[in-house]
Amino acid sequence: MISRHVRTFIINRIASRQHGLALAYDAHALGVTREELRHLVRTGRIDRVTRRVLRVPGAPRTDLQAVLTAVLDAAPGAFACGHTAAAIWEVAGYRLAPVHVVRPRGLSGRRSSLAVLHEVKRLLPRHVTVLKDVPVVRPERMVLDLCASEHPRRAARALDDAWRRRLLSGRSARALVSETSVQGRPGLSLLRALLDERGDDYVPPASNLEARFASIITQAGLPEMRRQVDSGDDERWVGRVDFRDVDRPLIVEIQSETFHSALIDRVEDEARLAALRAAGFEVVEITEEQVWHRPREVVRTMREARARL
């Protein structure tokens, strides 16, 4: 027979791996009766956050703890999704709150004041995981959620950000599309269109600065350029460039104030750009200031460079 003190210790050990949280179900599985659990709450050995969720007294109250509380309270098979999942995966521009939680339809009829609940027919095990001790949908599923709820451009940026950081790939995202291909499913047609537009060999922008430049030339009707391309002459590799024209020997380098302002950076850049010019390339340098605040200059500079070629 396990003593009450030992059971409390075990509950605390479980909670230590879950942001200080445990399920009342965990306590009952250890043999703690409802009356014993009420006694532990009354004596301050355990805090009851919701009917289902317990918290170890003194556990730090964090944003991730609030997310996990909402997930655990929703259902045993629930996961953080949508905006919340994007924030957990550290996709730029997203926050944890309000907490979005997805659970299989029919698993629980419980309503929640802690989360925005979403119900789906099923969640495949390979579409979910645990990150930072929080059950969360995988990046491919997260992007699908955003395609259903976000403006297409913002969903596209989230896809690019996750792709750039290798949280997903074109192949893994297409696999999810085929596995969840249900006619009329929200977000599915947009995600499929974004993947078709990019192709499996797509190289996402390395930064928001590059994404902004690509958007400027596209809106100006200029040909799309390849990103992050290894370049040089027939004898040696010179370096990886920010943008390279598909058909012409034209290279564009975006000079970020963050990464190209130090003296050593300028010296190395000058040597690399000189080598590219010696290899026969027309090299155009665009500043961060121009990209963000003077896009017309960017377009004029690009047209002049193409005219020279």
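The values are calculated or read from the model by the stated rules, or taken from the named source; none is laboratory data. Remember, predicted model here, so these are calculated numbers, not experimental data. No Cβ is skipped: glycine too gets one built from the backbone with ideal geometry, and neighbour counts run over all protein chains shown.
Quick grid of which residues meet (1) under 26 Å from residue 21 (Cβ atoms); (2) within 13 Å of the chain's Cα centre (by Cα); (3) in contact (Cβ under 8 Å) with a residue 60 or more places away in the chain:
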| site | (1), (2), (3) |
| --- | --- |
| 84 | yes, yes, no |
| 126 | yes, no, no |
| 132 | yes, no, yes |
| 139 | yes, yes, no |
| 149 | no, no, yes |
| 155 | no, yes, no |
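Has segment 97-110 got at least one residue that is in contact with a helix residue (DSSP H, G or I) (Cβ under 6 Å, 6 or more places away or on another chain) and at pLDDT below 95?
Within segment 97-110, the first condition is being in contact with a helix residue (DSSP H, G or I) (Cβ under 6 Å, 6 or more places away or on another chain), and the residues that meet it are 99-101, 103.
From what is left, the residues that are at pLDDT below 95 are 103.
Scanning segment 97-110, I find at least one residue that is in contact with a helix residue (DSSP H, G or I) (Cβ under 6 Å, 6 or more places away or on another chain) and at pLDDT below 95, so the answer is yes.
Can you confirm whether segment 37-49 contains a residue that is within 24 Å of residue 155 (Cβ to Cβ), out of contact with any Asp or Glu (no Cβ under 7 Å at 6 or more places or on another chain) and surrounded by fewer than 16 Cβ atoms within 10 Å (Cβ to Cβ)? Reasoning before the result, please.
Quick first cut of segment 37-49, residues within 24 Å of residue 155 (Cβ to Cβ) only: none.
Within segment 37-49, none of the residues are within 24 Å of residue 155 (Cβ to Cβ), out of contact with any Asp or Glu (no Cβ under 7 Å at 6 or more places or on another chain) and surrounded by fewer than 16 Cβ atoms within 10 Å (Cβ to Cβ).
With 175, 220 as the choices, which residue is within 19 Å of the chain's Cα centre (by Cα) and surrounded by fewer than 16 Cβ atoms within 10 Å (Cβ to Cβ)?
Unique residue meeting the criteria: 175.
For segment 153-179, give me the residue count where each residue is farther than 23 Å from residue 71 by Cβ, of a type outside the set (S, T, N, Q) and not in a helix (DSSP H, G or I).
Count: 2.
Do we find a residue being in contact with a strand residue (DSSP E or B) (Cβ under 7 Å, 6 or more places away or on another chain) and either within 30 Å of residue 162 (Cβ to Cβ) or assigned by TED's automatic domain parsing to the domain that holds residue 129 (or both) anywhere in segment 40-51? Even if it seems obvious, please write down each step before you answer.
Filtering segment 40-51 down to residues in contact with a strand residue (DSSP E or B) (Cβ under 7 Å, 6 or more places away or on another chain) leaves 41, 46-49.
Next, only the ones that are either within 30 Å of residue 162 (Cβ to Cβ) or assigned by TED's automatic domain parsing to the domain that holds residue 129 (or both) stay: none.
Within segment 40-51 (the criterion being in contact with a strand residue (DSSP E or B) (Cβ under 7 Å, 6 or more places away or on another chain) and either within 30 Å of residue 162 (Cβ to Cβ) or assigned by TED's automatic domain parsing to the domain that holds residue 129 (or both)), the answer is no, since none of the residues qualifies.
Is it fair to say residue 68 is assigned to a helix (DSSP H, G or I), farther than 30 Å from residue 207 by Cβ and modelled with pLDDT of 85 or more?
Answer is yes for this residue.
Within segment 12-24, is even one residue on the phi > 0 side of the Ramachandran plot, surrounded by 22 or more Cβ atoms within 10 Å (Cβ to Cβ) and either in contact with a strand residue (DSSP E or B) (Cβ under 7 Å, 6 or more places away or on another chain) or modelled with pLDDT of 80 or more (or both)?
Yes; the residues of segment 12-24 include at least one that is on the phi > 0 side of the Ramachandran plot, surrounded by 22 or more Cβ atoms within 10 Å (Cβ to Cβ) and either in contact with a strand residue (DSSP E or B) (Cβ under 7 Å, 6 or more places away or on another chain) or modelled with pLDDT of 80 or more (or both).
Based on this model, can you work out whether residue 182 counts as modelled with pLDDT under 85, closer than 30 Å to residue 123 by Cβ, β-branched (Val, Ile, Thr) and assigned to a loop (DSSP other than H, G, I, E, B)? Don't jump to the end; show me each part of the working.
On the way: modelled with pLDDT under 85: yes; closer than 30 Å to residue 123 by Cβ: yes; β-branched (Val, Ile, Thr): yes; assigned to a loop (DSSP other than H, G, I, E, B): yes.
Yes; evaluated as a whole, the condition is true for this residue.
Does residue 201 count as acidic (Asp, Glu) and either touching a His at 6+ places or on another chain (Cβ under 7 Å) or in a loop (DSSP other than H, G, I, E, B) (or both)?
yes
Quick check on segment 232-244: of everything there that is in contact with a helix residue (DSSP H, G or I) (Cβ under 9 Å, 6 or more places away or on another chain) and surrounded by fewer than 19 Cβ atoms within 10 Å (Cβ to Cβ), which residue is modelled with the highest pLDDT? Can you show your working first?
Narrowing segment 232-244 to residues in contact with a helix residue (DSSP H, G or I) (Cβ under 9 Å, 6 or more places away or on another chain): 232-233, 236, 238-239, 241-243.
Narrowing further to those that are surrounded by fewer than 19 Cβ atoms within 10 Å (Cβ to Cβ): 232-233, 236, 239.
Working: 232: 55, 233: 55, 236: 54, 239: 66.
Here the residue is 239.
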